[in-house]
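Trainee: Please find one structure pasted underneath; my questions will follow.
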2 protein chains.
Amino acid sequence: MAFTRRRMLAGAAAATTVAAPAVAQQSGEVRWRLASSFPKSLPILFNAAENLARRVDQLTKGRFKIQVFAAGEIVGGLQVLDAVGAGTIECGHSATFYYTGKDKALAFDTGLPFGLNSRQHIAWMMQGGGLELLRPLFARFGIVQFPLGNTGCQMGGWFRKEINGVADLSGLKMRIPGIGGEILSRMGVVPQTIAAGDIYSALERGTIDAVEWVGPADDERLGFQKVARYYYSPGWWDCGPQISLYINDKAWAALPDDFKAAIETASAESTMLMLAQYDTQNMAALRRLVGAGVQLRSFPRDVMEAAFKAADAYYREEAARNAEFRRIYEPWTRFRDEIQQWFRIAELNYDVFAHTQKR
Amino acid sequence: MAFTRRRMLAGAAAATTVAAPAVAQQSGEVRWRLASSFPKSLPILFNAAENLARRVDQLTKGRFKIQVFAAGEIVGGLQVLDAVGAGTIECGHSATFYYTGKDKALAFDTGLPFGLNSRQHIAWMMQGGGLELLRPLFARFGIVQFPLGNTGCQMGGWFRKEINGVADLSGLKMRIPGIGGEILSRMGVVPQTIAAGDIYSALERGTIDAVEWVGPADDERLGFQKVARYYYSPGWWDCGPQISLYINDKAWAALPDDFKAAIETASAESTMLMLAQYDTQNMAALRRLVGAGVQLRSFPRDVMEAAFKAADAYYREEAARNAEFRRIYEPWTRFRDEIQQWFRIAELNYDVFAHTQKR
C-alpha cells in the first residue's frame, strides 16, 4: 500500500512553505496540527487520526485539540515524517515503510514481509521491546512514535492474468513499493512506482500487469475490479502492517503528563478500532467484488516459498551491511520465532480447526 | 478458567456486610473501588484492573481514583457481578461466564466454546454490534460493561493419562466449569467444580483426572506439571475469552464525560496489554514446563469434531428455549460466519504458511 502518491506529490511543494503552526497555549491549552499520509477517500485509514483527535479532546475537556489534515492539504503524504521531524507540524499519521529510503531499519515499525501478523506485531510493540528498539532510530529524525492503527493481513493485489507459478512473474510489471517490491524483483517482477490517480488507467491500458493496494474494503473504492480479473491473497509483504503516529520530540517533551497519557491511550484504542473496522468490513466488500465477477486466487505454493526464501536472504544481506537494521533484526527474529512457536501450539491450532469446519 | 473459587467462597459472606463505599466527591473528585475476581497471584489477569486504575488516574490528573481489591478482599470472586449491580461497589473485573447460572446468554460476553478467536471477538465487540447486543442483558443486572482484557486461546488443560480418542473421555473426572463442562459432559466427561486451592491435591490424589486452567504463563504458577504429565491444546472452550469491566449503572451515569472517556480508552489499552502479555510470556513458560518433563499433546481429531458437534447442538437447544440467548446467538452466528470467511482468505492463509516454514 502507498495510497496517496498523487496527493503526496501535490503536497510536497506546499510543505516547504507552511508557516509555523498557530499554537494557542493560553491557560494550559494546546493546539496541534496532524498531517495524514492518507486521503479522506480511504476512511478507515484516515479516520484513525480523527478518532485519536476526538478522544484526546474528550479526555482533556477540550484543552488539547488536534486538527487533522488529509494528505496534501498542508503536507505531502510522503513528507509527513520530514515535516514532523522538522517541527513544521507537531504530529503526523503515516506508514513508516514509506521512508525506508532513509534507512531500511524503519521498515520494522510497519512490519516486514513474512514477518509478524497484526496481533504478534502489537505484542512486539507493547511487550516485546519493539517500541523501545525503534525509539532511538526515530530519535535521529526528531520523532517519538506510537502505533496508531493496523490493517490486518492485506490482499496480494490485482492481476490481469493468472499466476500459476514463479515463471509467470518474469517481466510482470507490478505497482508495488518498498521492500515487498525489492523482494519480488528478485523473482522476476519489475516493480513500478505509479501515482495513485494513474494506477487505474495504467492497469486498464496494460502499461502495468498488476497492482497491490490494501484489501477489499479499500480496493473496492478504487475500482480495480473493472480492469483486472484476478484478486490474489495473501499480501505476504503486508502481513500485519502498523500505521504510526509521529510526534515532534520537542512538542512531545513539552506536553504535560496527562496530555501524554491521553495520546498514548487514545492511540491504543484507535489501533484496535482500525483493525476491528477492517475485520468487519472486508468480507462484505469481497462478496460484492466476487459478485461483480472477480476471480479470487491464492498465490501458488512455489511463489510463496520462493518469496519467503528471497525475503530471508534480503534481510540477512541488509543486516550484514546496515548496523541499525541488524540492531533491530536480531531481537525481532528471536521474538518472531518465539511467538510463532506459541501460536502454533494453541492459537493457530484452534484457528485452523475452527475455520475448516462445516457448520 | 475460574481461578479463585476458594477466595470467592471466603469472600462471599464478606460481600453482604460491606458498608456503602467511602466516596470523596469534593471539588469534582471521584473515588471508586473495584473488586476483582482474580487473585494477585495471577498477575496478568489481576494487573489489567490496576493498569486501568493507573491510566485513569493519569488521564484525570488524580481527580478520578479507582482502588483495586483482589478476589475475596471485599467481595468474593464469584460475587462481583452481584456486588456491582447492587451498588455495594462501583465497579468490578471479572469473567462473565462465571455467571451463566443467571442467564446462559451472558456467555457471549466472554465468548463461546468454538466461537470467535480473540481478535474476532474484539472486532465483534467494537464494530460488530456485540457491545450493543449485550448492553440490554447487563442492564437487567444494573451494569454497564466494557472489555477489560483477553487471554488469547487457552490450553486444553492437564491430564494424568493420554487421550487417544473420545472413548478415553468416558467417566473422566475433569475440573472444568461452565458451558465447556456441559459440552464435555455430553461426551462422557464428569465435570467437577473444585476450589482453586484444592485442585492440586485432588489431581495428586487422583480424585480428579484432569484440570483446565488458562495457559502456560498462569498454569506454571500452580504447579500442575508436578501431578499431571500431559498438557493438551487447544482450549476450544476458551478460544478467545474476554475479561470484563462491570460498572454500576447509576455510578456510570453520574460520571462526567471526560471520566467516561478515560474509562473507555484506558480499558481498550489494558485489553491490548493483557493479550500482549500472554502472547509474549506463554512460550517461555511452556518451554520451562516441557523442560520439566511435561508432554505436550493436541486433542485427537475425533475429540475436536465430537466436541464441535456437541457445542453446536447445545447452542441450538439453548436458543430454542431461551429468547435472550437466541436474541444474541443469531446475529453472533452471522458475524462469526462472516469474519471466519474473511480470515480464511487472507489472515489464516498467511498465518498457516508463515508458521509452517523452516527458517
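The values are calculated or read from the model by the stated rules, or taken from the named source; none is laboratory data. Here the structure is a predicted model, which is why all the values come from computation and not from measurement. Reconstructed Cβ throughout: ideal geometry from the backbone, glycine too, with neighbour counts over all protein chains shown. Areas reflect the complete protein model, heavy atoms only, side chains present, ligands, DNA and RNA absent. Shrake-Rupley method; radii C 1.70, N 1.55, O 1.52, S 1.80 Å.
Trainee: Give the residues of segment B:215-228 that are modelled with pLDDT of 95 or more and in a loop (DSSP other than H, G, I, E, B), sorted by residue number.
Mentor: Those that are modelled with pLDDT of 95 or more and in a loop (DSSP other than H, G, I, E, B): B:Gly215, B:Ala228.
Trainee: Would you point out which residue out of A:Ala261, A:Ala266, A:Ala284 is touching a helix residue (DSSP H, G or I) at 6+ places or on another chain (Cβ under 9 Å) and open to solvent by 10 Å² or more (accessible area, probe 1.4 Å)?
Mentor: None of the others qualify; the one that does is A:Ala284.
Trainee: Mind counting the residues in segment B:87-140 that are of a type in the set (Asp, Glu) and either part of a loop (DSSP other than H, G, I, E, B) or at positive phi (or both)?
Mentor: Within segment B:87-140, residues that are of a type in the set (Asp, Glu) and either part of a loop (DSSP other than H, G, I, E, B) or at positive phi (or both) number 2.
Trainee: Can you tell me which of (1) without any contact (Cβ under 8 Å) to a residue 12 or more places away in the chain; (2) within 13 Å of chain B (Cβ to nearest Cβ) is the one A:Arg205 doesn't meet?
Mentor: (2)
Trainee: Please name all residue pairs, on different chains or six or more residues apart, with Cβ atoms under 6 Å, provided the first residue is in segment A:347-359 and is within 16 Å of B:Asp312 (Cα to Cα) and the second residue is open to solvent by 60 Å² or more (accessible area, probe 1.4 Å) and part of a helix (DSSP H, G or I).
Mentor: Cβ pairs passing all conditions: A:His355/B:Arg344.
Conditions (1) crowded, with 24+ Cβ neighbours inside 10 Å; (2) out of contact with any Leu (no Cβ under 7 Å at 6 or more places or on another chain); (3) within 14 Å of chain A (Cβ to nearest Cβ), marked per residue:
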site	(1), (2), (3)
B:Glu90	yes, yes, no
B:Gly101	no, yes, no
B:Phe108	yes, no, no
B:Leu112	yes, yes, yes
B:Gln120	yes, yes, yes
B:Gly129	no, yes, yes
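Trainee: Follow-up question, since we're still on this one. Looking at the structure I just gave you, is A:Gly142 of a type in the set (Gly, Ala, Ser), touching a residue at least 60 places away in the same chain (Cβ under 8 Å) and surrounded by 21 or more Cβ atoms within 10 Å (Cβ to Cβ)?
Mentor: Working: of a type in the set (Gly, Ala, Ser): yes; touching a residue at least 60 places away in the same chain (Cβ under 8 Å): yes; surrounded by 21 or more Cβ atoms within 10 Å (Cβ to Cβ): no.
So A:Gly142 fails the test.
Trainee: Now a separate question. Going residue by residue through segment A:185-198, is there one that turns out to be open to solvent by less than 10 Å² (accessible area, probe 1.4 Å) and at pLDDT below 95?
Mentor: no
Trainee: Given the conditions (1) assigned to a loop (DSSP other than H, G, I, E, B); (2) surrounded by 22 or more Cβ atoms within 10 Å (Cβ to Cβ); (3) charged (D, E, K, R), which single one is not true for B:Glu73?
Mentor: Result: B:Glu73 fails condition (2) only.
Trainee: Given the conditions (1) in contact (Cβ under 8 Å) with a residue 60 or more places away in the chain; (2) farther than 13 Å from B:Ile243 by Cβ, and given that B:Ala95 satisfies all but one, which numbered condition is not satisfied?
Mentor: With respect to (1) in contact (Cβ under 8 Å) with a residue 60 or more places away in the chain; (2) farther than 13 Å from B:Ile243 by Cβ, B:Ala95 is out only on (2).
Trainee: A further question on this structure: Keeping to segment B:289-341, report how many residues are surrounded by 16 or more Cβ atoms within 10 Å (Cβ to Cβ), of a type in the set (A, V, I, L, M, F, W, C) and not in a helix (DSSP H, G or I).
Mentor: 2
Trainee: Still on this structure, I have one more. I'd like to check something: does segment B:239-258 contain any residue that is in a helix (DSSP H, G or I), within 24 Å of B:Phe108 (Cα to Cα) and within 12 Å of chain A (Cβ to nearest Cβ)?
Mentor: Scanning segment B:239-258 turns up no residue that is in a helix (DSSP H, G or I), within 24 Å of B:Phe108 (Cα to Cα) and within 12 Å of chain A (Cβ to nearest Cβ).
Trainee: Is it the case that some residue within segment B:300-311 is within 11 Å of chain A (Cβ to nearest Cβ), over 29 Å from B:Arg160 (Cβ atoms) and out of contact with any helix residue (DSSP H, G or I) (no Cβ under 7 Å at 6 or more places or on another chain)?
Mentor: No; the residues of segment B:300-311 include none that is within 11 Å of chain A (Cβ to nearest Cβ), over 29 Å from B:Arg160 (Cβ atoms) and out of contact with any helix residue (DSSP H, G or I) (no Cβ under 7 Å at 6 or more places or on another chain).
Trainee: May I ask you to verify whether B:Val227 is within 15 Å of B:Val294 (Cα to Cα), crowded, with 22+ Cβ neighbours inside 10 Å and either more than 14 Å from every other protein chain (Cβ to nearest Cβ) or aliphatic (A, V, I, L, M) (or both)?
Mentor: no
Condition check ((1) within 14 Å of chain B (Cβ to nearest Cβ); (2) over 16 Å from the mean Cα position of the chain (by Cα)) across all residues:
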| position | (1), (2) |
| --- | --- |
| A:Glu132 | yes, yes |
| A:Pro136 | no, yes |
| A:Gly157 | yes, no |
| A:Val190 | no, yes |
| A:Thr193 | no, yes |
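Trainee: Please name all residue pairs, on different chains or six or more residues apart, with Cβ atoms under 6 Å, provided the first residue is in segment B:253-271 and is under 20 Å from B:Gly152 (Cα atoms) and the second residue is in a helix (DSSP H, G or I) and charged (D, E, K, R).
Mentor: B:Ala266/B:Arg55; B:Ala268/A:Glu269
Trainee: Name the single residue that is farthest from the other protein chains (Cβ to nearest Cβ) among those in segment A:335-359 being closer than 18 Å to B:Tyr278 by Cβ and charged (D, E, K, R).
Mentor: A:Arg336
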